[in-house]
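The values are calculated or read from the model by the stated rules, or taken from the named source; none is laboratory data. Keep in mind that this is a model prediction, so the values were computed, not measured. So basically every Cβ, Gly included, is an ideal-geometry build from the backbone, and we count neighbours across all protein chains shown.
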Amino acid sequence: MQNSPKFRVVLLRSARLFSDRLNDILAQYQLNYSMWQLIYHIYDHDSITSIDLAHELNVSKPSIAKRINTLHKLDVIQFLESSDKRQKLIQLTEKGRDLYQICTIQIDQFEQQFLNQVNPEDIAQSAGTLQLFLSILERDKSLNIVEEL
């Protein structure tokens with residue numbers, strides 16, 4: 001195990017290469033993976049606030065604002081009034097919903113081509129392990145492990 005890459009190196013490199021491939025798919029629609037994440041979550045919730053998006057994606061509000069502005073300029077999202085006048089709900093436009101459908105098909109096809117090269121039992125085990133990691137990280141998010149080291 002001494003000569004093998006550390007787990008985090010393999011995990012982060014795999015995630016980066018995977019998102020690069022998704023960016024290749026999305027580029028033809030003037031999108032990238034970070035904008036796709038917003039489209040995905042807005043579609044999933046029907047409408048959502050920018051604060052809720054930032055929380056779900058674990059990113060800063062300014063980062064979300066920049067993506068939202070770009071998607072609005074592309075006519076992918078629209079703003080709705082909410083009961084809280086300080087916030088606006090974000091919803092996909094008809095163009096945004098159509099784009100979601102088109103991109104989902106292409107991303108699913110890429111993912112399936114990728115997964116077809118891996119044993120289904122390995123996929124299931126890996127997915128379970130990654131879900132466990134995600135649960136641990138989300139649960140322990142409030143811990144400041146760096147200071148403890």
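Within region 103-141, the only residue that satisfies the criterion of being under 19 Å from His41 (Cβ atoms), surrounded by fewer than 12 Cβ atoms within 10 Å (Cβ to Cβ) and either of a type in the set (Val, Ile, Thr) or in contact with an Asp or Glu (Cβ under 9 Å, 6 or more places away or on another chain) (or both) is Ile105.
A residue that is under 22 Å from Ile25 (Cβ atoms), without any contact (Cβ under 8 Å) to a residue 40 or more places away in the chain and hydroxyl-bearing (Ser, Thr, Tyr) occurs nowhere in region 130-144.
Looking across region 57-88, not a single residue is farther than 22 Å from Asn32 by Cβ and at pLDDT 95 or above.
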